[in-house]
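Taking it in order: structure first as structure tokens, then the write-up.
What follows is calculated from the coordinates using simple rules that are stated; it is not laboratory data. Keep in mind that this is a model prediction, so the values were computed, not measured. Positions of Cβ are generated from backbone atoms using ideal geometry, with glycine treated the same way; all protein chains shown enter the neighbour counts.
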Amino acid sequence: MAGTGHRGRAILFAVPLAVVLCAGSFFGASAAEGQGGTSGTQWDSGGREYAPGELVVTYDRGGGVSPEEGLERAVPEAAGPVEVEAELSELGVQRVSLPEVKEMGSEAEREKVMADTVRRLEETPGVASVDYNYYLSYFEGPNDPLFGEQWNLRRIEASAAWRSGEGRGAKVAVVDSGVARHPDLAGKVTAERDFVDGDGRAAEGRVGHGTAVAGVLAARTDNRRGISGTCLDCRMLVAKVGGEEGPELAAAVEGIDWAVRRGAEVINLSFGGPEDYAPLRRVVDAAERRGVLVVVASGNAGGEEVGNPTVYPSAYAVGATDRADQRAPFSSYGPWLDAVAPGVEIAATLPGGAYLPVDGTSFSAPQAAGVAGLMAVEGLSDDQIRRRLSEAARDLGRPGRDNEYGVGLVDAARAVGAR
């Protein structure tokens with residue numbers, strides 16, 4: 001029987017973090033460094049930044065109540081007095097300020113009052129919409145301090161892709177070693193489960209692998225902290241399936257199944273094993289039948305060694321390239337490889353609020369998964385996403401598809417139709 005004589009543990013597809021940690025000076029040690037000022041800003045529950053205590057209210061044309069009546073009825077007592085800072089009467093739009101909310105000492109308290117105010121205003125007859133007074137983005141790139149170090153996002157044309165959409169509402173699952181609390185991941189995890197210890201939270205300990213994968217995939221962007229994620233507004237489902245010894249086969253199968261049942265549209269697997277484990281193949285195949293794209297890392301053996309789930313036809317296998325668009329020496333390859341993405345010196349989040357460069361196909365896969373998330377919000381099927389990822393890729397190596405690069409380098413802008 002497949003797997004007999006083995007402990008049923010898979011391999012994390014990353015260059016050991018002990019090696020990466022030696023390069024800590026590349027970015028600096030903690031989240032506190034390079035954050036920039038946060039005065040005059042506040043974040044909603046989804047991690048998007050806005051002017052504290054301010055809303056933009058849009059009224060129905062010919063609505064049943066006047067703007068003033070709507071505000072008086074809806075704003076909760078805890079919010080204090082309301083000031084209309086500006087009004088565009090012909091458009092039915094007001095900029096509303098809540099001075100007492102701005103002065104609240106607790107960010108959590110401010111957000112609670114703001115969320116309650118938004119909810120009550122949205123339920124008021126005559127109100128068409130209510131928005132926080134969000135900070136929008138200049139198109140020169142995110143304001144995250146380490147964005148300039150993220151050569152990989154420039155190489156896959158992520159910024160151009162973001163102009164077409166940010167993946168808002170897409171659910172991408174990270175089935176890995178868990179995700180640690182990190183300021184650049186706050187608000188990005190919508191559901192989590194620990195299949196190793198069974199204690200609820202999928203918190204990561206010293207491993208760091210899952211936290212790094214999550215940051216590459218969907219770190220908070222334009223928050224003046226750290227790095228930018230590939231899928232700006234994706235939300236993550238996190239299944240912890242392993243610790244320092246590696247992912248457990250049984251936990252991995254359970255975690256993938258859980259992610260599918262929780263509505264994941266894309267699943268990232270940055271691990272694998274040397275044998276064709278029947279339950280792993282079965283759950284990946286089942287995910288594909290349910291319309292979920294399973295993106296997997298090709299592995300770090302550096303040759304044509306076969307790994308699983310990398311070679312499954314139901315998975316989308318991604319290898320690694322370097323800054324010169326050459327196959328990274330450690331990147332496994334073969335006729336089963338679908339595409340490649342950058343995998344050398346990739347800026348990532350790590351436990352303890354740190355940011356460090358990491359190497360490995362483990363960090364190529366979440367870039368492809370992030371691009372898939374950008375497309376998932378368009379209502380595309382997993383087959384359509386797979387096809388667009390491949391058709392949009394930039395050919396590398398020998399002309400046409402080849403074993404070292406698959407169809408080529410993931411191109412986010414072309415995949416989402418931005419160019």
Residues with amide H under 5 Å of Val127's amide H, sequence separation 5 or more or different chain, H placed in the peptide plane at 1.01 Å from N; which? Asp60
Let's test the formula: R0 of 35 Å, r as the Cβ-Cβ distance of Asp383 and Ala250. What FRET efficiency results, to the nearest 0.05? 0.75
Report the FRET efficiency, 1/(1 + (r/R0)^6), for Ala186 and Glu304, where r is their Cβ-Cβ distance and R0 is 60 Å, rounded to 0.05. 0.90
Once you place label points 7 Å from the Cα toward the Cβ at Ala78 and Glu100, how far apart are they in nm? 1.2
What's the center-to-center distance, using Cα atoms, between region 277-293 and region 174-241 in Å? 23
For region 224-235, Karplus-derived ³J(HN,Hα) couplings (6.51, -1.76, 1.60; θ = phi - 60°; whole Hz; x for glycine and proline) come out as 6, 9, x, 10, 10, x, 5, 9, 4, 10, 5, 10
What distance in nm separates the two pseudo spin-label positions at Leu88 and Ala128, each 7 Å out from Cα along the beta-carbon direction? 1.0
Taking H placed 1.01 Å from N in the peptide plane, check which residues at least 5 places from Phe271 or on another chain put their amide H under 5 Å from its amide H. Phe13, Ala297
Glu192's amide H: which non-local residues (gap 5+, or another chain) put their own amide H closer than 5 Å, with H modeled 1.01 Å from N in plane and none for Pro or chain starts? Val238
Under 17 Å from the Cα of Lys188, which aspartates and glutamates turn up, not counting those fewer than eight places away in the same chain? Asp44, Glu49, Glu111, Asp144, Glu166, Asp176, Glu204, Asp222, Asp233, Glu265
Run the quick spin-label model on Arg201 and Arg168: label points 7 Å from Cα toward the beta carbon, then report their separation in nm to one decimal. 3.0
Starting from the Cα-Cα distance between Arg262 and Arg119, subtract it from 0.36 nm times their residue separation and give me the gain in nm to one decimal. 48.9 nm
